[in-house]
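Before I ask anything, here is the structure I am working with.
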Amino acid sequence: MALVNPNEAVADSQPLVSLRGVTKRFAAQRRKSTGVLAVDDVSLDVAAGDVCGVIGYSGAGKSTLVRLINALEPINEGQILVDGQDIASLSGKQLRVARRNIGMIFQQFNLFASRTVLGNVAFPLRQSGMSGANARGRAQEMLDFVGLADKASNYPEQLSGGQKQRVGIARALAPNPTLLLADEATSALDPETTSEVLGLLRRANTDLGITMVLITHEMEVIQSLATHVAVMEAGRVVEHGEVFDVFARPRHPASRKFVGTVVKGVPSPAEAAMLRERHTGKLVTVSFTDGAASQGEVFQKLGAAGVPFELVYGGINEVQGKTFGHLTLALQGSDVAVDGALSTVREVAEVTEVA
Amino acid sequence: MESLLELQPLFWQAVIETLKIVSISLIFGGIGGLLVGLALYTTRAGGVLQQRVVNGALNVLVNTFRPIPFIIFIAAVQPLAREVVGTGIGDPAAIFAISLAATFGISRLVEQNLVSVPEGVIEAARSMGCSPLRIIFTVLIPEALGPLILGYTFAIVAVIDMSAVAGFIGGGGIGNFAIQYGYRQYDYVVTWAAVIAIIVIVQLVQFFGNWLARKALRR
């Protein structure tokens, strides 16, 4: 099949993208202001086949970070290796060749308004020297992949936002890149279109084996697509790891905030006070963070110990096929019975008393 | 009215001369303006060929010559015309002066229209590994084509306007005809015949320009 990526089998010992102590400073616009340190000493590895989501609030430096990888912005310090190539050391011409192996999609799609949908997708192929007929053939193939074969002769202005982004994806993937950079690719789309585009990106990752670095401020994007996540704050990567681990056990306050947007976790002190007002009994939070324990098992143990309980707060989530979550329970009964029940529950899950 | 009938052969000759002066000046001024305009745009800060010094020098050059009223400009560049086209008077000198003035004027029009191309589109082209020249000719110009056509239409009308002054240094054309046979003979019919000829040419140019721009913009 022509769509299969020949670069899929990159040696797994070496990461496809490797950032080492990367720093990017923007010069001061006015004389008295100091420059902006957009990316501050960032080290990050992305293995071939991974989908690395970089999340942060606006101004955290994530959009700058992604532009450093294909050298749309030059770095000030550090080193960036893409496929073993030191991006900063390349000449203009070498860099242009290297960029053909790195696709990019954008929040505002950035399609060429003067070209048809087919013309947009064929453009990167034509510019790297492919003949017109071959480029159009390949472009049509890509439009099939993104489900827009019937829109080939339309102009971008005639498309909806989601369709535009799919054209953007087809255009970025047409030259068969190893790496795809996505800069807030779904931020301008409504929730339904977002999941459509995310589904398409997931297919690009699983079917075509394309490694991705995606920038977002929406945790849902990370949850549904990423294998790894890097949390950025003030130009630094404050936490980095597998998506499940960061979701289940976020360590940095910024990570906790982001995880909190999609996962109801441990009640905050204010929430705990409210819970205590409305519920009697002992409040405990049972945490499932290793992806293995089932909440049913916990409920069974409580039932077996004869401790009535009420589920008062929390939720169970699934990330990458593994469940995790935090359930806060109000346990009724004598202290002895409750403590006895909890000691059996502790065998299968983590229990913390609500302070 | 009778005088106009008598002058008819001269009138048509003047129209043809105007068309000749305008088209030759437009070829030089149009290309010159495009090149200087592209240079102004691409060498600015953040441009694909960022060159602060070149950009500054070009800006000073354009800003120096563009505001000079054309009737003064055509006289002021006479010495330069003698060097370049071998004569300071007549159609060649007029064409030289108009081409030069049009280059400066059109360069600003080109620059303004290129600025309207979204930065993100250029960034997308860069991310695909396009060279600066390729970006200029396959992204910038096609993306700005509609407004560019309208800008050039505006420039053609301005060049027709300039060509009317050619008579001042011994060039021909409708302007010269109007001054020689209308203004100096106190014959308003002849003057107005010249005015109407210019109006008709301008209308046709504007109509064609609008049509072409609509086609380019597909609206």
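The values are calculated or read from the model by the stated rules, or taken from the named source; none is laboratory data. Since the structure is predicted, the reported quantities are computational estimates derived from the model, not experimental observations. A quick note on method: Cβ atoms are made from the backbone with ideal geometry, for glycine too, and the neighbour counts reach across all protein chains shown. Calculation scope for accessible area: heavy atoms of the full protein, side chains included, ligands and nucleic acids excluded. Shrake-Rupley method; radii C 1.70, N 1.55, O 1.52, S 1.80 Å.
Check off (1) closer than 23 Å to B:Ala97 by Cβ; (2) in a helix (DSSP H, G or I) for B:Gly171 and give me the number that stays unchecked.
(2)
Out of the stretch B:1-37, which residues are in contact with a helix residue (DSSP H, G or I) (Cβ under 7 Å, 6 or more places away or on another chain), over 20 Å from B:Ala158 (Cβ atoms) and of a type in the set (S, T, N, Q)?
Within the stretch B:1-37, B:Ser3 is the sole residue that qualifies.
Now for a different question. Out of everything in the stretch A:114-127 that is open to solvent by less than 50 Å² (accessible area, probe 1.4 Å) and at the interface with chain B (Cβ under 8 Å from one of its Cβ atoms), what residue ends up being modelled with the lowest pLDDT?
Just the residues of the stretch A:114-127 that are open to solvent by less than 50 Å² (accessible area, probe 1.4 Å), to begin with: A:114, A:116-125, A:127.
Next cut, at the interface with chain B (Cβ under 8 Å from one of its Cβ atoms) only: A:114, A:123-124, A:127.
On the way: A:Ser114: 94, A:Phe123: 97, A:Pro124: 97, A:Gln127: 91.
Among residues in the stretch A:114-127 that are open to solvent by less than 50 Å² (accessible area, probe 1.4 Å) and at the interface with chain B (Cβ under 8 Å from one of its Cβ atoms), the one modelled with the lowest pLDDT is A:Gln127.
Might you check whether a residue that is in contact with a Ser or Thr (Cβ under 6 Å, 6 or more places away or on another chain), within 17 Å of B:Ser163 (Cβ to Cβ) and surrounded by 13 or more Cβ atoms within 10 Å (Cβ to Cβ) occurs anywhere in the stretch B:10-17? Steps first, answer last, please.
Taking the stretch B:10-17 as the starting set, the residues that turn out to be in contact with a Ser or Thr (Cβ under 6 Å, 6 or more places away or on another chain) are none.
No, the stretch B:10-17 contains no residue that is in contact with a Ser or Thr (Cβ under 6 Å, 6 or more places away or on another chain), within 17 Å of B:Ser163 (Cβ to Cβ) and surrounded by 13 or more Cβ atoms within 10 Å (Cβ to Cβ).
Let me ask another. Filter the stretch B:110-134 down to residues that are closer than 11 Å to A:Phe112 by Cβ, more than 7 Å from chain A (Cβ to nearest Cβ) and part of a helix (DSSP H, G or I) and give me whichever is most open to solvent (accessible area, probe 1.4 Å).
My answer is B:Ile122.
In the stretch B:168-176, is there at least one residue being touching a residue at least 40 places away in the same chain (Cβ under 8 Å), open to solvent by 30 Å² or more (accessible area, probe 1.4 Å) and among the small types (Gly, Ala, Ser)? Talk me through it step by step, then tell me what you get.
Step one: of the stretch B:168-176, the residues touching a residue at least 40 places away in the same chain (Cβ under 8 Å) are B:168-176.
Still in the running and open to solvent by 30 Å² or more (accessible area, probe 1.4 Å): B:168, B:170, B:176.
Now drop any that are not among the small types (Gly, Ala, Ser), which leaves B:170.
Among the residues of the stretch B:168-176, at least one is touching a residue at least 40 places away in the same chain (Cβ under 8 Å), open to solvent by 30 Å² or more (accessible area, probe 1.4 Å) and among the small types (Gly, Ala, Ser), which makes the answer yes.
Anything in the stretch A:226-237 that is open to solvent by 10 Å² or more (accessible area, probe 1.4 Å) and under 24 Å from A:Ala204 (Cβ atoms)? List them, or say none. Can you show your working first?
Step one: list which residues in the stretch A:226-237 are open to solvent by 10 Å² or more (accessible area, probe 1.4 Å), which gives A:227-228, A:233-234, A:236-237.
Correct list: A:Thr227, A:His228.
Something else about it: When the residues of the stretch A:129-142 are narrowed to those that are open to solvent by 50 Å² or more (accessible area, probe 1.4 Å) and within 22 Å of B:Ile136 (Cα to Cα), which ends up modelled with the lowest pLDDT? Give the steps one after another, and end with the answer.
Pass one, the stretch A:129-142, residues open to solvent by 50 Å² or more (accessible area, probe 1.4 Å): A:129-131, A:133-134, A:136, A:140-141.
Checking which are within 22 Å of B:Ile136 (Cα to Cα) leaves us with A:129-131.
Numbers: A:Gly129: 90, A:Met130: 93, A:Ser131: 93.
In this case the residue turns out to be A:Gly129.
Sticking with this structure for a sec: Tell me, which residue of the stretch A:143-153 that is assigned to a loop (DSSP other than H, G, I, E, B) and open to solvent by 40 Å² or more (accessible area, probe 1.4 Å) is nearest to A:Asn120 (Cα to Cα)? Outline the logic, then answer.
Narrowing the stretch A:143-153 to residues assigned to a loop (DSSP other than H, G, I, E, B): A:146-148, A:152-153.
Filter again for open to solvent by 40 Å² or more (accessible area, probe 1.4 Å), leaving A:147, A:153.
Numbers: A:Gly147: 15, A:Ser153: 10 Å.
Step by step, filter the stretch A:143-153, then rank; the result is A:Ser153.
Filter the stretch A:58-105 down to the residues that are part of a strand (DSSP E or B) and either surrounded by fewer than 16 Cβ atoms within 10 Å (Cβ to Cβ) or away from chain B (no Cβ under 14 Å) (or both) and list them by number.
Narrowing the stretch A:58-105 to residues part of a strand (DSSP E or B): A:77-82, A:85-86, A:102-105.
A:Glu77, A:Gly78, A:Gln79, A:Ile80, A:Leu81, A:Gln85, A:Asp86, listed by residue number.
Another question, if that's okay. Does A:Phe109 satisfy being in a loop (DSSP other than H, G, I, E, B), modelled with pLDDT of 95 or more and not assigned by TED's automatic domain parsing to the domain that holds A:Val17? Explain how you work it out, then say what you get.
Numbers: in a loop (DSSP other than H, G, I, E, B): yes; modelled with pLDDT of 95 or more: yes; not assigned by TED's automatic domain parsing to the domain that holds A:Val17: yes.
The answer is yes for A:Phe109.
Moving on to the next point. List, please: which pairs have Cβ atoms under 8 Å, are six or more places apart or on different chains, and start with a residue in the stretch B:190-219 that is away from chain A (no Cβ under 14 Å) and farther than 30 Å from A:Phe112 by Cα and end with one that is assigned to a helix (DSSP H, G or I) and open to solvent by 70 Å² or more (accessible area, probe 1.4 Å)?
B:Thr191/B:Tyr183; B:Ile201/B:Leu19
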